[in-house]
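Below is one structure, written out as structure tokens; the observations come after it.
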Amino acid sequence: MGFHLSERSGLIKPSETIRLSSLVKELKNSGVDVVNLTAGEPDFDTPEHIRKAAEEAVEKGYTRYLPSAGIKDLREIIAEKTNNFISTSYTFENVVVCAGCKNAIFNSLMALCDPGDEVIIPSPYWVSYPYLVELTGAKPVYIDTKKTGFLLDPADLSDKITDKTKAVFINTPSNPVGNVYSLDLLEAIWKVLEKHPKIIVISDEIYDHIVFEGRRHHSFANVSESAAERTVIVNGVSKTFAMTGWRLGWLIAGTEIASAASKISSHTISCACSVSQMAALAALKEGFDCVNKMKEAYEKRKNIVRDMLSEIPSIITAPLQGAFFAWIDISAYIGKAFKGKVITSSDDMTTYLLKEKHVALVPGQAFGDDKAVRISYAASEGDIRKGIERFKEGLLALN
């Protein structure tokens, strides 16, 4: 063929989590009893009042183009709920409604980055961060957080900053690790960034309402007014309200960044889905009672995961503080074998577990650590118990 694909397209690999979820569905459809602990999405249905609002929007013909930044009512309530939750002072002009959080992050990066810029990403990281950065022509710069409790260390951050650094990612609660940043640590990070006025923090807070054991979510934006001016908050309804397929997220930023991001939306997605915007409006108006009920279920499952993983020898589990993931270091089992086949990587491990034990986990290499795996406990208690038992059996069968 005479044409060539762009170099940019060659940088991108399919999402590992989506690929594995699709593979599990295929195996289940063929009759294999697979326990799926890969999905980074709630297993709950979208609450009824939200679905009803969407139905009413369709019935009323609310199916046309909207402003690229989103409808004003939704932007206002996003600002209001955010201000109430993390003690900020945003207005609707700071809010841009997007087609999910990936779109919000991409628009933010496109508004901020030029080719050759650098974006600092703590590792382990959410699978899409590096690719979204690379699509802008910027370069991901990684900071390994394994030795600092899977949290960004201010000294390490200071060492990585150059005159090309444009942005820093902070994800709290974290996917894939499942831990939470304290306000003290965010303040220490700000002391480093305060000296570099051109650097923006992209604060991914999509799991902000899913924190456990009395912890409180803290945003980089509520460190100080000055920090807020240099923060882009990314959030949405996907995880909290079990609305992953509705593709409705947002960014909150200073008006200059928000305006640039909105212009980008106007030429890419035009606007977020009209029906999804009305559903999100209904979700936020009703409040977080339904979210808190789901969080109670997650916390119960988290305790099951913690207790069962503690019985598996030679693994190390990161703190289970928020979101619905367990991050497990399997270094002690790398190099062992099953029927002569040596496990040399996290991908080998998850392939082995899927084929031999019929439990699906996500390999850590997708998140920047090839000696770990991620378990999602956005699954039924029965599947969690059965899946972790199979995980244990698989590890102990290696020699």
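The values are calculated or read from the model by the stated rules, or taken from the named source; none is laboratory data. Just so we're clear, the structure is a prediction, and the values are computed from it rather than from any experiment. Here the Cβ positions follow ideal geometry from the backbone for every residue, glycine too, while neighbour counts run over all protein chains shown. Remember, those area values only see protein heavy atoms, side chains included, never the ligands or the DNA or RNA. Shrake-Rupley method; radii C 1.70, N 1.55, O 1.52, S 1.80 Å.
Before moving on, here are some points about what is shown:
- Residue list for the range 348-371, filter: open to solvent by less than 60 Å² (accessible area, probe 1.4 Å) and among the acidic types (Asp, Glu): ASP348, ASP369
Condition check ((1) out of contact with any Pro (no Cβ under 7 Å at 6 or more places or on another chain); (2) not in a loop (DSSP other than H, G, I, E, B)) across all residues:
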position	(1), (2)
PRO313	yes, no
PRO319	yes, no
TRP327	no, yes
LYS355	yes, yes
ASP370	yes, no
VAL373	no, yes
LYS386	yes, yes
GLU389	yes, yes
LEU398	yes, no
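- GLY287 satisfies every condition listed in (1) touching a residue at least 12 places away in the same chain (Cβ under 8 Å); (2) surrounded by fewer than 20 Cβ atoms within 10 Å (Cβ to Cβ); (3) under 30 Å from ARG75 (Cβ atoms) except (1).
- Number of positions in the range 103-112 that are surrounded by fewer than 24 Cβ atoms within 10 Å (Cβ to Cβ), in contact with a Lys or Arg (Cβ under 9 Å, 6 or more places away or on another chain) and not small (Gly, Ala, Ser): 1
- Residue that is small (Gly, Ala, Ser), free of Cβ contacts under 8 Å to residues at least 40 places away in the same chain and open to solvent by less than 50 Å² (accessible area, probe 1.4 Å), where the choices are ALA167, ALA138: ALA138
- Meets criteria (touching a residue at least 24 places away in the same chain (Cβ under 8 Å), among the small types (Gly, Ala, Ser) and more than 19 Å from PHE44 (Cβ to Cβ)) for SER266: yes
- The range 326-347, residues that are open to solvent by 10 Å² or more (accessible area, probe 1.4 Å), in contact with a Gly (Cβ under 8 Å, 6 or more places away or on another chain) and under 19 Å from ALA366 (Cα atoms): THR344
- Of all residues in the range 373-399, exactly one satisfies the criterion of being surrounded by 24 or more Cβ atoms within 10 Å (Cβ to Cβ) and basic (Lys, Arg), namely ARG374.
- Every pair of residues 6+ apart whose Cβ atoms lie under 8 Å, when the first sits in the range 343-355 and is within 20 Å of PRO124 (Cα to Cα) and β-branched (Val, Ile, Thr) while the second is assigned to a loop (DSSP other than H, G, I, E, B) and open to solvent by less than 10 Å² (accessible area, probe 1.4 Å): THR350/LEU361
- Filtering ILE161, ILE206, ILE200 for residues that are of a type in the set (A, V, I, L, M, F, W, C), within 22 Å of PHE106 (Cα to Cα), in contact with a Leu (Cβ under 9 Å, 6 or more places away or on another chain) and buried (at least 20 other Cβ atoms within 10 Å of the Cβ) leaves a single hit, ILE200.
- Residues of the range 219-245 that are open to solvent by less than 10 Å² (accessible area, probe 1.4 Å), assigned to a helix (DSSP H, G or I) and farther than 30 Å from HIS49 by Cβ: PHE220, ALA227.
- Qualifying position, being farther than 20 Å from ALA372 by Cα, buried (at least 18 other Cβ atoms within 10 Å of the Cβ) and at pLDDT 95 or above, among ALA323, ALA280: ALA280
- The range 216-236, residues that are under 18 Å from the mean Cα position of the chain (by Cα) and of a type in the set (Val, Ile, Thr): THR231, VAL232, ILE233, VAL234
- Only one entry in THR63, THR88 is open to solvent by 20 Å² or more (accessible area, probe 1.4 Å), under 26 Å from ILE269 (Cα atoms), among the polar types (S, T, N, Q) and modelled with pLDDT of 95 or more, namely THR63.
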